Amino acid sequence: MSSIFNLLEEKPVNNLSIYFTAGFPELEDTAKVIQELSNAAVDFIEVGLPYSDPLADGPTIQKSSQKALQNGMNLDVVFDQLLEIKATNNTPLVLMGYLNQLLKYGEEKFCQKVVDCGIDTLILPDLPMVEYENHYQSLFNSYGLNNVFLITPQTSIERILKIDSYTQSFIYMVASSSITGAKGEISEEQLAYFKRIKSMNLKSKLIIGFGISDHQTFSKACEYGNGAIIGSAFIESLEKNGVEKTNTFVKSVLN
């Protein structure tokens, strides 16, 4: 099982994960952001691999991805950065990217680099289930990697149950059918979806993301899942306040 699985077994409630884009705001900020988030006692960190066509991401994360690419970020650079902090970082990391990045880099090479960096969990939102079953499940298993699947309000019961059977870390429960981004309060429609999934009593832990942005939405999400991921709101804080205010942002979510 993955490091995230073990984490969620030991602490099954109120887990906070923060997403950020590697190489943003500046190319060399990746390690700084991870260190600041770790110091702020975030439970696990989702490192976004900058991509030119991030289909699941809203304008805030898209903008940060474009900036990171302009800064000179690529997979070789981010892997080097993550390798440098491997010995000192104590907070589990998850890598979030897109299938085309893996394909262009080389499947085996990509997987080996991820493992070398001490990471065992991937999020590839555009990885088709049939491709996972026919190829990537065995590939990832051979490297000890775990793939996180996403579910949305439109995901069928059959698919949710299949995802539950494959999950070795957590299920990423997308709070809405739209792209990422802070959206204010959680709606009654979203709450009904949260309740429906919770009532299924899945074996896997649930981490809720997309639209979680502050203490109120984080706390509400934690009533129905094992924690939540905040991305766009943190990216906005990084851009406005700098890496140095990371602890202030995390405290505002937790307290």
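The values are calculated or read from the model by the stated rules, or taken from the named source; none is laboratory data. If you're wondering where the values come from, they're calculated on a predicted model, not measured in any experiment. Please note: Cβ atoms are built from the backbone with ideal geometry, for glycine as well, and neighbour counts cover all protein chains shown.
You will find that of 103, 82, the residue that is farther than 24 Å from residue 217 by Cβ and touching a residue at least 24 places away in the same chain (Cβ under 8 Å) is 82 and no other.
Scanning the stretch 133-159 for residues that are part of a helix (DSSP H, G or I), surrounded by fewer than 18 Cβ atoms within 10 Å (Cβ to Cβ) and not charged (D, E, K, R) yields 134, 135, 137, 138, 139, 141, 142, 143, 157. The residues of the stretch 183-240 that are among the β-branched types (Val, Ile, Thr) and not in a loop (DSSP other than H, G, I, E, B), listed by number, are 197, 207, 208, 217, 229, 230, 235. Can you find even one residue in the stretch 179-196 that is surrounded by fewer than 20 Cβ atoms within 10 Å (Cβ to Cβ) and modelled with pLDDT of 95 or more? Checking the stretch 179-196: at least one residue is surrounded by fewer than 20 Cβ atoms within 10 Å (Cβ to Cβ) and modelled with pLDDT of 95 or more. Mind checking whether some residue in the stretch 231-249 is farther than 29 Å from residue 24 by Cα and charged (D, E, K, R)? No, that holds for no residue.
Okay, residues lined up against (1) under 22 Å from residue 18 (Cα atoms); (2) under 18 Å from the mean Cα position of the chain (by Cα):
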{"residue": "95", "(1), (2)": "yes, yes"}
{"residue": "102", "(1), (2)": "no, yes"}
{"residue": "112", "(1), (2)": "no, no"}
{"residue": "119", "(1), (2)": "yes, yes"}
{"residue": "126", "(1), (2)": "yes, yes"}
{"residue": "132", "(1), (2)": "no, no"}
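Do we find that residue 90 is among the polar types (S, T, N, Q), in contact with a strand residue (DSSP E or B) (Cβ under 8 Å, 6 or more places away or on another chain) and within 24 Å of residue 227 (Cα to Cα) in this structure? For residue 90, the condition - among the polar types (S, T, N, Q), in contact with a strand residue (DSSP E or B) (Cβ under 8 Å, 6 or more places away or on another chain) and within 24 Å of residue 227 (Cα to Cα) - is not met. The criterion of being of a type in the set (S, T, N, Q), free of Cβ contacts under 8 Å to residues at least 40 places away in the same chain and out of contact with any helix residue (DSSP H, G or I) (no Cβ under 7 Å at 6 or more places or on another chain) holds for residue 134. Identify all residues within the stretch 213-225 that are touching a Ser or Thr at 6+ places or on another chain (Cβ under 9 Å) and of a type outside the set (Gly, Ala, Ser); write none if there are none. 214, 215, listed by residue number. So in the stretch 55-71, with the set limited to residues that are of a type in the set (A, V, I, L, M, F, W, C) and in contact with a strand residue (DSSP E or B) (Cβ under 9 Å, 6 or more places away or on another chain), which one is modelled with the lowest pLDDT? Among those residues, the one meeting the criterion is 56. In the stretch 220-249, the residues that are under 15 Å from residue 68 (Cα atoms) reach residues that are in a strand (DSSP E or B) and among the polar types (S, T, N, Q) with C-beta atoms within less than 8 angstrom, at least six apart or across chains, in these pairs: 235/21. With respect to being over 18 Å from residue 255 (Cα atoms) and within 17 Å of the chain's Cα centre (by Cα), residue 213 falls outside the description. Quick check, is residue 126 charged (D, E, K, R), in contact (Cβ under 8 Å) with a residue 24 or more places away in the chain, closer than 25 Å to residue 190 by Cβ and not in a helix (DSSP H, G or I)? For residue 126, the condition - charged (D, E, K, R), in contact (Cβ under 8 Å) with a residue 24 or more places away in the chain, closer than 25 Å to residue 190 by Cβ and not in a helix (DSSP H, G or I) - is met. Taking the stretch 26-107 and the helices (runs of 4 or more DSSP H) fully enclosed by it, the elements with 1 or more residues that are β-branched (Val, Ile, Thr) and surrounded by 19 or more Cβ atoms within 10 Å (Cβ to Cβ) are at 29-39, 59-70, 75-85.
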